[in-house]
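Just so it is clear, none of the values below were taken in a lab; they were calculated from the coordinates. These figures come from a predicted structure and were not determined experimentally. For neighbour counting, all protein chains shown are included, and Cβ atoms are generated from backbone atoms with ideal geometry for every residue, glycine included.
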């Protein structure tokens, strides 16, 4: 299981995503270009104290990312029809999240293996991308029995 973010716009969201990945033991892939300079220093600053345990993989673009994937690519989208909790995740799924400002282009939307939506209350548009990633990743890890074990006794 891994998280992927398509051309993220907001560095703080990427930092939160790196913390999410580090805490749940999941690699984070970034499909560039980003809406901000993405240097190693910027990644460390955005991830705060989670930069070192976070596993991040950068891809120069959609084509490079697509070629590197072996699992199903599952897009989280407000344009999807399958509710998150009706979808059956597999252990090697790639959970893909779009740009905060524009989602993903039709080329990406049409290519992915599956599209899911997180149900919202009527009249609500969407969650923050990292909140969506936390909800989606938690459900995917729960279904595939990959949630980390608690250190508490």
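Summary table
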read-out	value
Principal axis dimensions, the chain - Cα atoms, whole angstrom, descending	45, 39, 34
Helical contribution to [θ] at 222 nm, DSSP H n ≥ 4, -39,500 (n - 2.57), averaged over the chain, rounded to 500	-9500 deg cm²/dmol
Likely footprinting exposure, 101, 126, fewest C-beta neighbours within 10 Å first	101, 126
Footprinting exposure proxy for 109, 59 (fewest neighbouring C-beta atoms within 10 Å first)	109, 59
D_trans [Stokes-Einstein, Kirkwood Rh over alpha-carbon pairs] for region 64-147, 37 °C, 0.692 mPa s, µm² s⁻¹	248 µm²/s
Highest-MSF residue in the chain out of 121, 63, 138 [GNM, Cα springs under 10 Å]	121
Listed residues 141, 20, 96, most fluctuating in the chain (Gaussian network, C-alpha, under 10 Å)	141
The chain, relative contact order in percent, only Cα pairs under 8 angstrom and at least six apart counted	28 percent
Inter-label distance for residue 124 and residue 64, nm, one decimal - labels placed 7 Å from Cα along Cα-to-Cβ	3.6 nm
Among 81, 134, 114, residue whose mean-square fluctuation peaks in a GNM of the chain (springs only between Cα atoms under 10 Å)	81
Computed FRET value (nearest 0.05) for residue 107 with residue 144, which takes r as the C-beta separation and R₀ as 41 Å	0.90
